[in-house]
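The values are calculated or read from the model by the stated rules, or taken from the named source; none is laboratory data. Since the structure is predicted, the reported quantities are computational estimates derived from the model, not experimental observations. Every residue, glycine among them, receives a Cβ derived from its backbone with ideal geometry; neighbour counts consider all protein chains shown. Side chains included, ligands, DNA and RNA excluded: accessible areas come from the protein's heavy atoms. Shrake-Rupley method; radii C 1.70, N 1.55, O 1.52, S 1.80 Å.
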Amino acid sequence: VDPLLRALALLPPPCEARIVGEGPEGPALEALARELGLGPRARFLGRLPDADVRDLYARAGAVFYAPWDEDYGLVTLEAFQSGRALVTTTDAGGPLEFVADGATGLVTEPQPEALAAALRCLLEDPGLARRLGATARESIAGLSWDAVIEALTGGAP
């Protein structure tokens with residue numbers, strides 16, 4: 001989330017971010033948002049019910065997800081299921097198994113300037129964001145929990 005906040009500081013209003021979830025980095029990230037002067041443009045929503053998260057996906061211009069310690073991020077699949085393009089980074093791990101740069105989302109270097117450029121691209125071209133999101137949704141159409149478990153276990157029973 002740190003790179004997202006730094007990227008958001010490079011983007012003009014009304015660009016804003018909604019950060020969902022809880023974790024040990026929360027207070028430091030909120031302090032960084034204050035330091036960067038993001039004000040209400042960076043909203044930390046904490047843990048939310050699934051229905052609220054789905055609503056956020058449905059209204060998002062793009063979804064950012066670049067975990068540093070996640071083998072198989074479900075955020076990627078949730079964004080795709082919602083028809084949203086995902087912005088991730090070259091060092092993100094699990095999301096790179098699904099995000100095809102320029103097809104289902106955008107993959108950038110893990111620097112705020114590169115993230116800001118990718119987000120700006122999608123937010124300034126909603127048609128592109130919709131096309132990437134539609135392709136993303138199609139790309140996981142046949143995915144099931146059985147397929148996920150098989151992928152995670154290498155087909156082991």
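Taking the alpha-carbon centroid of each part, what is the distance from segment 46-72 to segment 120-157 in angstrom? So the separation of the two Cα centres works out to 14 Å. Working from the alpha-carbon coordinates of segment 58-117, get Rg over Rh, Rh being the Kirkwood radius. Answer for segment 58-117: 0.93. Scaled against the 2.2 N^0.38 Å expected of a compact globular protein of N residues, the Cα radius of gyration of segment 13-82 reads 1.15.
A Förster radius of 22 Å combined with the Cβ-Cβ distance from Glu30 to Asp52 puts the calculated FRET efficiency at roughly 0.65. The mean sequence separation of alpha-carbon pairs under 8 Å and at least six residues apart, normalised by the residue count of the chain, gives a relative contact order of 21 percent. Each eigenvalue of the Cα gyration tensor of the chain, multiplied by 5 and square-rooted, gives one semi-axis; in descending order these are 25, 18, 15 Å. Projected onto planes of every orientation and averaged, the convex hull of the alpha-carbon atoms in segment 1-43 covers 2.6 nm². What nm distance separates the two modelled labels at Glu109 and Glu16, each placed 7 Å from Cα along Cα→Cβ? Rounded to a tenth, the inter-label distance reads 3.2 nm.
Cut-off 10 angstrom, C-alpha nodes, Gaussian network model of the chain. Which of Ala51, Ala134, Ala117 fluctuates the most? With Cα springs under 10 Å in the chain, the top fluctuation among Ala51, Ala134, Ala117 is at Ala51. Within the accessible area of the chain, the carbon and sulfur atoms contribute 53%, probe 1.4 Å, all protein chains present.
Heavy atoms of the protein chains alone define the surface here; on that basis segment 1-151 has 56 Å² accessible area per residue at 1.4 Å probe size.
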